[in-house]
Amino acid sequence: MFSSIPKIKICGITREADAQFAASLGVDALGFVLAESSRRVDPHVVRKITLSLPPFVSTVGVFVDADMDSVSQIAAFCRLDWIQLHGNETPDYCKALDFRLLKAIRVKDRQSVELMVVYKGCVNGFVLDTYVKGQQGGTGKAFDWTLAREAGKYGPVILSGGLTPENVREAIQAVCPHGVDVSSGVESVPGIKDHDKMRRFVEQAMKSGSDSVSKPKQARNIT
């Protein structure tokens with residue numbers, strides 16, 4: 001039997017107050033959307049927030065099919081630790097970026113998971129989100145978690161898509177992910193975080209460390 005607490009990432013941060021509160025809760029990473037979205041944030045704001053954070057809180061920039069040079073420049077300016085690619089970026093694109101990378105996979109069915117094989121060795125981990133036509137992320141909808149568990153053979157899995165304070169503990173028990181990633185599930189409106197929901201989400205995710213699960217998780221290397 002194995003029990004542990006997954007990494008916790010809160011994405012769609014747009015305000016310093018929300019970032020600081022998340023950090024005070026002990027989250028591992030904060031995500032900033034730097035692509036077209038209702039949660040898009042200006043790079044100057046991201047830089048201000050990242051420079052204000054305490055030690056050991058990782059910062060992740062979310063990009064969608066952006067020019068490679070632009071991604072590198074923005075990531076360096078914002079002092080990002082990680083880049084998360086949420087579009088149709090190819091394995092060659094990923095290999096060419098001199099950054100630690102997470103590749104988002106929009107899960108529709110088992111075939112979506114099987115396509116992850118082409119990115120194996122090109123990225124450091126995968127963010128599994130729910131496929132919704134016309135939306136790249138932040139859908140607030142969950143997918144079949146058994147598929148997420150199967151995806152672990154391709155690399156560390158960060159579970160996303162429809163997670164809330166009410167279901168995150170169940171999701172962790174079902175998937176045994178390397179990490180969990182939440183955005184809309186802890187918001188009052190897009191881009192504005194609800195601090196009570198954030199607190200409850202983190203509490204429930206951390207309680208998963210006391211839950212018994214049947215399958216060992218992969219070694220954690222996203223720090």
- Query: Which is farthest toward the positive dipole end of the chain among A76, L30, I172, measuring Cα position about the Cα centre, with Cβ charges +1 (Lys, Arg) and -1 (Asp, Glu)?
  - Reply: I172
- Quick one: compute the contact order of the chain, relative version, from alpha carbon pairs under 8 angstrom and 6+ residues apart, as a percent. 23 percent
- Cross-link pairs K141/K197; K108/K197; K9/K207; K48/K95; K9/K197; K141/K193 - those with Cα-Cα distance over 23 Å: K108/K197; K48/K95
- Message: Is there a quick way to get the dipole size of region 7-210? I mean about its Cα centre, with the Cβ of Lys and Arg at +1 and of Asp and Glu at -1; what is the value in debye to the nearest 20?
- Response: 320 debye
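A short reminder: the numbers here are calculations on the coordinates, not readings from a lab. Just so it is clear, the structure is predicted and the values come from calculations on it, not from any experiment. Virtual Cβ from ideal backbone geometry, glycine too; neighbours counted across all protein chains shown.
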